[in-house]
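The values are calculated or read from the model by the stated rules, or taken from the named source; none is laboratory data. Owing to the predicted nature of the structure, the values given are computational and were not obtained by experimental measurement. Every residue, glycine as well, gets a Cβ built from its backbone with ideal geometry; the counts of neighbours run over all protein chains shown. Ligands, DNA and RNA are stripped out before the accessible areas are found, and what is left, the full protein with its side chains, is counted by its heavy atoms. Shrake-Rupley method; radii C 1.70, N 1.55, O 1.52, S 1.80 Å.
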Amino acid sequence: VNLGDDIEDEGPEADRARYAECQRILRGADAELVNVAGNHDTIHLSTNDLLDLWGEPPRPALHRSFDRADHHFIVLHTHERKDLDVSVGQAQLDWLAADLAAHAGPVIVLMHHSAADQDLQGNRWFEGSPHICLVRERRAMRRLFEAHGDVRAVFNGHLHWNHLDVIAGIPYVTVQSLIENLDDDAPGRPAAAHA
């Protein structure tokens with residue numbers, strides 16, 4: 001699962017080339033690749049651009065769900081308005097409620113921004129700024145997850161650290177960035193974080 005932000009949003013041509021290269025590398029793993037759109041990925045790349053790069057047919061939105069073995073997977077698309085907020089919007093929240101209601105078995109949720117109320121103290125990028133890293137509708141989302149009764153875990157990226165919250169018995173897992181630059185002075189070593 002690729003939790004998003006595979007590029008640094010430099011421009012349409014550079015972003016498409018770099019995103020395609022990241023997809024090529026990730027597809028080298030001996031596993032199915034599931035992509036989640038990150039906020040940097042969507043600055044210069046449209047929904048259709050990303051779907052094309054993912055090798056998926058056109059559709060109107062980047063959220064979706066699918067089944068593997070006995071688990072139902074939900075991929076949410078969080079929208080960031082730079083320096084203002086992060087949201088899934090009412091239409092996607094309604095879709096989420098209907099999708100959860102239609103699938104009674106174990107569920108895994110994948111998203112870019114967090115649905116947990118993380119304590120951001122010590123976070124290099126987001127301390128004091130929950131509005132740009134935590135989904136505005138997170139409490140409503142968690143009520144849906146809890147009411148379902150079998151959401152096994154919710155995974156996200158974006159916050160540039162590894163973090164775990166367990167809320168009402170559901171683990172909310174944040175995974176540090178795969179490609180974040182670890183050198184302050186110049187592009188260099190990627191974090192290469194994975195789980």
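Please quote Rg/Rh for segment 41-91 to two decimal places, taking the Kirkwood radius as Rh and restricting both calculations to Cα atoms.
Radius of gyration over Kirkwood radius for segment 41-91 works out to 1.02.
Where the centroid of each part is defined by its Cα atoms, how far is segment 131-195 from segment 2-52 in Å?
18 Å
Would you mind getting me the FRET efficiency between L84 and H194? Use the beta-carbon distance for r and R0 = 35 Å, nearest 0.05.
E between L84 and H194, to the nearest 0.05, is 0.70.
Averaged per residue, what accessible surface does segment 91-138 expose to a 1.4 Å probe, in Å²?
42 Å²
As a test, work out the antiparallel percent of DSSP beta bridges whose residues both lie in the chain, rounded to the nearest 5.
Here the antiparallel bridges make up roughly 50 percent for the chain.
If I histogram all Cα-Cα distances within segment 99-141 using bins 5 Å wide from 0, what percent of pairs lands in each bin?
Reading upward from the zero bin: 5, 18, 24, 19, 15, 7, 7, 5.
How long are the three semi-axes of the equivalent ellipsoid for segment 46-176, computed from the Cα gyration tensor as the root of 5 times each eigenvalue, in whole Å, largest first?
23, 19, 14
Considering only protein heavy atoms and a probe of 1.4 Å, how much of the accessible area of the chain is carbon and sulfur, as a whole percent?
Percent of accessible area from carbon and sulfur atoms in the chain: 54.
Given a 1.4 Å probe and heavy atoms of the protein chains only, how would you sort W54, W95, largest accessible area at the top?
W95, W54
Please report the projected area of segment 25-109's Cα convex hull averaged over all directions, in nm².
Over all viewing directions, segment 25-109 projects a mean Cα-hull area of 6.8 nm².
Using heavy-atom solvent-accessible surface (probe 1.4 Å) with all chains present, what is the largest-first order of D9, D85?
Reading off the accessible areas and sorting them downward yields D9, D85.
Choose one answer from L51, L33, L110: the residue with the largest mean-square fluctuation in a GNM of the chain with alpha-carbon springs under 10 Å.
The residue with the greatest mean-square fluctuation here is L33.
For segment 121-186, take the alpha-carbon Rg, divide it by the Kirkwood Rh, and send me Rg/Rh.
Over the Cα atoms of segment 121-186, Rg/Rh equals 1.04.
Test of understanding: what is the full-extension gain from V166 to A153, defined as 0.36 nm times their sequence separation minus their Cα-Cα distance?
Full extension from V166 to A153 adds 3.8 nm.
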